[in-house]
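For reference, the structure is listed below as structure tokens.
Derivation of every value follows stated rules applied to the coordinates shown; laboratory data play no part. Source: prediction; values computed, not measured. Counting neighbours? That spans all protein chains shown, and the Cβs are built from the backbone with ideal geometry, glycine included.
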């Protein structure tokens, strides 16, 4: 079980939606594929799954060349696209039966029962798909991706539209699948990626800007974060003027996250600000950069207009 991508490029006119990227993923890995809107995530996933032909480059899925034998590759892949196109007039079990027939699954009813239980669809399994909430429609798409027990799972925004309880349930499904499969998934909910993955690939403007374990990215980052909470509400400009401050992010009315190369200087500056302006600091501490901090530092200040 593996995915190997070499020099993958997708060109639309004069725009390179994906620009010469390479990476590999092995069995047992759950890898978060991240990037801002328009960075090339969905385009890359569509090429890996054979739904979109690359302009340049090679893709291998578990020893199968996707360009030469796309149907063989698709048999090994379970794919939940971002759009999650479904037949709304069909009943849940009817639709999953149709998908089972496409994959020529022998024990069709057994496979359907298993996947319905896996993704928590049992209460809604006798309804038409069009009657379901967005969250349950998302579960139907995930069930269809898992139905034929694929070696490779590619999930584009799998928790989109789910409430917090549903997100935890689907997170557990993904973790369980990742024990003996390969999982590549994208999400805008970075806390989900931190909870599920230990490796992330970040793409920006069609190029990979990071590919490593999250712990390594945190260690390699040249910046640290100082989090401070005041008793009073402050103007952001007060904090931006402090020495050694790279950027300031407002968490809430009283709490700020400050990116810096020298947290000691920033802490000293904050205490000086407190004394000179009769302020009260409620809490002050340094912490490792979160995935959100790393993501913002690698992809910030972008306004690209490429196709996702």
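Data table
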| read-out | value |
| --- | --- |
| Coarse-grained scattering of segment 222-288 at q = 0.19, 0.26, 0.27, 0.28 Å⁻¹, given as base-10 log I(q)/I(0) from a Debye sum over alpha-carbon atoms | -0.62, -1.25, -1.36, -1.48 |
| Pair residue 209, residue 271: separation of 7 Å Cα→Cβ label points (nm) | 3.5 nm |
| DSSP bridge orientation in segment 2-218 - percent antiparallel, rounded to nearest 5 | 60 percent |
| Difference of contour (0.36 nm per residue) and Cα-Cα distance, residue 262 to residue 117 | 47.1 nm |
| Normalised convex hull volume, segment 193-308, alpha-carbon set, Å³ per residue | 123 Å³ |
| GNM flexibility winner over the chain from 100, 73, 233 (Cα, springs under 10 Å) | 233 |
| Cβ-based exposure ranking for 33, 230, in which fewest neighbours within 10 Å come first | 230, 33 |
| Whole-number percent relative contact order across the chain, with pairs defined as alpha carbons under 8 Å at least 6 apart | 21 percent |
| Per-bin percent of Cα-Cα distances, segment 1-68 [5 Å] | 4, 17, 28, 28, 16, 6, 2, 0 |
| Ordering of 262-272, 278-288 by burial proxy (mean other Cβ atoms within 10 Å per residue, highest first) | 262-272, 278-288 |
| Hydrodynamic radius of segment 98-219 per Kirkwood, over alpha carbon pairs, in Å | 15.8 Å |
| Radius ratio Rg over Rh of segment 33-170, counting only Cα atoms, Kirkwood formula for Rh | 0.98 |
| Segment 111-182 - Rg and Dmax from Cα coordinates, angstrom | 11.6, 34 |
| Intensity falloff of the chain expressed as log10 I(q)/I(0), Debye formula with alpha-carbon point scatterers, at q = 0.08, 0.15 Å⁻¹ | -0.44, -1.14 |
| Pair residue 4, residue 219: separation of 7 Å Cα→Cβ label points (nm) | 2.8 nm |
